[in-house]
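> Just dropping this structure here.
Throughout, read-outs are computed from the coordinates displayed, never taken from laboratory work. All values reported here derive from a predicted model rather than from experimental measurement. Cβ atoms come from the backbone with ideal geometry, glycine included; neighbour counts cover every protein chain shown.
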Amino acid sequence: GAVVSQHPSRVICKSGTSVKIECRSLDFQATTMFWYRQFPKQSLMLMATSNEGSKATYEQGVEKDKFLINHASLTLSTLTVTSAHPEDSSFYICSAGVGGPNLNEQFFGPGTRLTVL
Amino acid sequence: AQSVTQLGSHVSVSEGALVLLRCNYSSSVPPYLFWYVQYPNQGLQLLLKYTSAATLVKGINGFEAEFKKSETSFHLTKPSAHMSDAAEYFCAVSGGGYNKLIFGAGTRLAVHP
C-alpha cells in the first residue's frame, strides 16, 4: 500500500514550451502533497506544499507563476512548468502525506526527469 | 528554523563492514528525524524515523539510528554492509509530523567487495 506514482517519468521539451507532471496517490487519499526539485548529485529542495482544494504554498524563491500547482482531488496533484528554459531541467519529485495537521506519513513518487533543450 | 548537516558526501566501505553515516540537526522545536534512501533515478524510500519515542530506532534492511539530543545527532548505522546498500542516503528533519521536511545534502554510500 501507500504507492505514489508520477507521470511522465521522463520528458524532453523545447525551450518555451510548458510541461505538466502528474502525481497520484494510488491507494490512499492524500491530504497534502509536496513538490521537490533535485539537481544532479544534490539534495531535495521543497518547492511547494499543496492541500486539496486550496492554493499551494510556495517556498521562498520559487516562482508561483512559473511552477503552477493544482491539487484538484485527494489523489491527484499536478505541477506545470510554464515556458520552460534549460535551467528548469531537473529531477522533480512529489510526495503525498496522510494524517491531519501533523502528517503521520509522507510517501514519495519515483520522480520525473525534465530536460529542456 | 531547522537544518541538517550530513558529514561526508561520500562514504566507502567493504562488504561486511560497519556502515556509519553521520547526521547532525538544528531545530528550535522538538524534532522529528528521518533517514531516506534513494537509488538512481528513483524516489525516496523511508528507512526509519524518530518521533520522540524510543531514542534507538530500528528501520528496514538492518539499519538503525540513535537520537542523541545532547549531541544533536541522528547517525545511521548498519553492522554489516551489503552490496545492495550502495545508494544515496538523506537525513531529514521536521518540526513535527511530515509537514515540512528539510533534507541534508546527502551521503553517497559505496560498497566494494
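> When only DSSP loop residues count, what trypsin sites (Lys or Arg not before Pro) in the stretch A:32-111 have their Cβ near at most 12 other Cβ atoms within 10 Å?
In loop regions of the stretch A:32-111 (DSSP not H, G, I, E or B), the sparsely surrounded trypsin sites (Lys or Arg not before Pro) are A:LYS41, A:LYS55.
> Right, something else. Provide the net charge surrounding B:ASP85, with neighbours chosen by a C-beta distance below 14 Å and charges set as Lys +1, Arg +1, Asp -1, Glu -1.
-1
> Could you work out the longest stretch of chain B that avoids the GluC sites (Glu not before Pro) located in DSSP loops with at most 15 other Cβ atoms within 10 Å?
The longest such stretch corresponds to B:16-70.
> Just counting partner chain Cβ atoms within 10 Å, what average do the residues of peptide A:28-41 show around their Cβ?
2
> Which listed residue (A:THR82, A:VAL11, A:ILE21) has the Cα farthest towards the positive end of the charge dipole for chain A, taking +1 on Lys and Arg C-beta and -1 on Asp and Glu C-beta about the Cα centre?
Result: A:VAL11, furthest along the dipole toward the positive end.
> Quick one: what are the phi-derived ³J(HN,Hα) couplings along the stretch A:83-91, Karplus 6.51/-1.76/1.60 with θ = phi - 60°, whole Hz, x for glycine and proline?
Running phi through 6.51 cos²θ - 1.76 cosθ + 1.60 with θ = phi - 60° gives 6, 5, 10, x, 5, 7, 4, 5, 9 Hz.
> Ok, one more. With +1 on the Cβ of every Lys and Arg and -1 on the Cβ of every Asp and Glu, and nothing else charged, how large is the dipole of the protein assembly as shown about its Cα centre, in debye rounded to the nearest 20?
Here the size comes out at about 180 debye.
> Then there is this: Given the pairs A:LYS66/B:LYS100; A:LYS41/B:LYS69; A:LYS64/B:LYS49; A:LYS55/B:LYS69; B:LYS68/B:LYS100; A:LYS14/A:LYS55, which span a C-alpha to C-alpha distance of over 25 angstrom in this model?
Cα-Cα > 25 Å for A:LYS41/B:LYS69; A:LYS64/B:LYS49; A:LYS55/B:LYS69; A:LYS14/A:LYS55; rest within.
> Can I ask one more? Say the dipole of the protein assembly as shown comes from +1 at the beta carbon of Lys and Arg and -1 at that of Asp and Glu; which of B:LEU33, B:ALA53, A:MET47 then lies farthest toward its positive end?
A:MET47
> Grab the other residues whose beta carbon is less than 13 angstrom from that of B:TYR36, score K and R as +1, D and E as -1, and report the net.
-1
> Residues of B:77-88, mean number of Cβ from any other protein chain within 10 Å of their own Cβ, rounded to a whole number?
The per-residue average across the peptide is 0.
> Please give the average number of partner chain Cβ atoms lying within 10 Å of the Cβ of each residue in A:82-95, rounded to a whole number.
Average neighbour count from other chains, rounded to a whole number: 1.
> Per-residue counts of other Cβ atoms within 10 Å, averaged by peptide: what ranking do you get for A:43-52, A:2-11, B:18-27, highest first?
In decreasing order of mean packing, A:43-52, A:2-11, B:18-27 become A:43-52, B:18-27, A:2-11.
> Next question. Give the list, by residue number, of cysteines in the protein assembly as shown with no other Cys Cβ closer than 4.7 Å, or say none.
Here A:CYS13 come out as lacking a disulfide-compatible partner, given the Cβ-Cβ threshold of under 4.7 Å.
> Report the Cα centroid-to-centroid distance between the stretch B:1-38 and the stretch A:34-98 in angstrom, as an integer.
25 Å
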